[in-house]
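Below is one structure, written out as structure tokens, with a few remarks after it.
The values are calculated or read from the model by the stated rules, or taken from the named source; none is laboratory data. As the structure is a computational prediction, the values presented were derived from the model and not from experiment. Reconstructed Cβ throughout: ideal geometry from the backbone, glycine too, with neighbour counts over all protein chains shown.
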Amino acid sequence: MPSSGAPNRSTASADGRLFRVSVACAGGDGTVHVIELAVPEGATLEDVILKSEILRRCPDLDLAEVEVGVFNRIRSLADRVRDGDRVEIYRPLRADPKESRRRRARAARKGTG
């Protein structure tokens, strides 16, 4: 299976129309991976993610456990992509944002008092 995303007979829709999309994911070390590829019209977010093989670069992510979206809007794996979409895989938060703010506020109060 070619990983370049180059069009071939198996990726073209019945009328031959392909959409250019990208898939983005942050690795565990903070490295951002972006893969661009062409997919047939009607492809779902899940189809695009699997075809991109981006999960090989982020093996700690389980597609069944993470949220995905397009341009920072949560979407379902079953949603279809449109030409130009940026499919994003969102990592779980490492810390509760509210608790992190409380900790920083307490530290700031101790530093000024």
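Considering only residues that are surrounded by 13 or more Cβ atoms within 10 Å (Cβ to Cβ) and basic (Lys, Arg), look in the range 43-63 and name the one that is nearest to LEU18 (Cα to Cα).
LYS51
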- Given (1) surrounded by fewer than 17 Cβ atoms within 10 Å (Cβ to Cβ); (2) modelled with pLDDT of 95 or more; (3) not charged (D, E, K, R), number of the condition PRO40 does not satisfy: (1)
- What are the pairs, 6+ residues apart or on separate chains, where a residue within the range 23-41 that is farther than 13 Å from ARG86 by Cα has its Cβ under 9 Å from a residue that is at pLDDT below 90 and of a type in the set (Asp, Glu)? GLY27/ASP60; GLY28/ASP60; GLU41/ASP15
- Message: Just to be sure I understand the filter: pairs with C-beta atoms under 9 Å, separated by 6 or more residues or on different chains, first member in the range 77-93 and closer than 13 Å to ASP47 by Cα and in contact (Cβ under 8 Å) with a residue 12 or more places away in the chain, second member of a type in the set (Phe, Trp, Tyr) and assigned to a strand (DSSP E or B). Which pairs pass?
- Response: VAL81/PHE19; ARG82/PHE19
- Query: When residues of the range 77-107 are filtered for being surrounded by 12 or more Cβ atoms within 10 Å (Cβ to Cβ) and at pLDDT 90 or above, how many remain?
  - Reply: 11
- Item | Residue, farthest from GLY30 (Cα to Cα), within the range 64-76, restricted to residues that are of a type outside the set (Val, Ile, Thr) and surrounded by 15 or more Cβ atoms within 10 Å (Cβ to Cβ) | ARG75
